[in-house]
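Below you'll find the structure, written out as structure tokens, and then a few comments.
The values are calculated or read from the model by the stated rules, or taken from the named source; none is laboratory data. Just so it is clear, the structure is predicted and the values come from calculations on it, not from any experiment. Don't worry about glycine lacking a Cβ; one is built from the backbone with ideal geometry, like all the others, and counts go over all protein chains shown.
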Amino acid sequence: MLKEKQVIELIIRELENSDIPAIWKINEEGLPGTGKVSEDEIANLLNYSELSLGAFDENELLGIVICLLPRTEYGSLNYAWFNKNYQDFLYVDRVAVTTNSRNKKIGSLLYEKVIAHAQKLEYPVAAEVSLKPPNPDSIRFHKRHGFAEVGVLHHEKKSVTMMLRNS
């Protein structure tokens, strides 16, 4: 017996403050790769963001991407590394998809929007991926989207690969 293929019609739209509880939940599902944040920190990220998009199936948020321009007040050490080493970039602070929605091209769809936005700005896209603890799925995802390693940053208990995709 053939299984019916479920067709999802995604809507991509800007994230809003009313989405914060769902963003937080998706972020928690992505730990440790996404980095732990509170709902207040997510609100700040949305305020700082140049681009913050969600992939929705009807009213259910399935995936997010939040991007910043250089020199905002965001206090991330990884973001600070890009600020120190690059003049212009679109920084992907986080990209995450619900556990049940992974491997369905939702992350790729969101990244297409990020890359198109960066191309309009004529900026490269910057991102980091955890090496310790390892996140091999994210490294493969970023390489598949044209990212290359431009450095490694070591923190106390964590290491990340710094990646860049030229527009």
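Tabulated results
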| quantity | calculated |
| --- | --- |
| Of the criteria (1) among the acidic types (Asp, Glu); (2) under 22 Å from residue 151 (Cα atoms); (3) out of contact with any Gly (no Cβ under 9 Å at 6 or more places or on another chain), which one residue 57 fails | (2) |
| Candidates 56, 82, 89 - the one that is touching a Lys or Arg at 6+ places or on another chain (Cβ under 7 Å) and not small (Gly, Ala, Ser) | 56 |
| Given (1) on the phi > 0 side of the Ramachandran plot; (2) in a strand (DSSP E or B), number of the condition residue 94 does not satisfy | (1) |
| Filter result for residue 156 (modelled with pLDDT of 95 or more, farther than 15 Å from residue 93 by Cα and of a type in the set (Asp, Glu)) | no |
| Count of residues meeting criterion [surrounded by fewer than 17 Cβ atoms within 10 Å (Cβ to Cβ), out of contact with any helix residue (DSSP H, G or I) (no Cβ under 8 Å at 6 or more places or on another chain) and either basic (Lys, Arg) or touching a residue at least 60 places away in the same chain (Cβ under 8 Å) (or both)] in the stretch 145-164 | 2 |
| Candidates 167, 108, filtered to the one that is among the hydroxyl-bearing types (Ser, Thr, Tyr), farther than 30 Å from residue 60 by Cβ, touching a residue at least 24 places away in the same chain (Cβ under 8 Å) and surrounded by fewer than 19 Cβ atoms within 10 Å (Cβ to Cβ) | 167 |
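The rows are residues; the columns are (1) touching a residue at least 24 places away in the same chain (Cβ under 8 Å); (2) among the polar types (S, T, N, Q); (3) over 19 Å from residue 138 (Cβ atoms).
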| position | (1), (2), (3) |
| --- | --- |
| 22 | yes, no, yes |
| 28 | no, no, no |
| 32 | yes, no, no |
| 35 | yes, no, no |
| 57 | yes, no, yes |
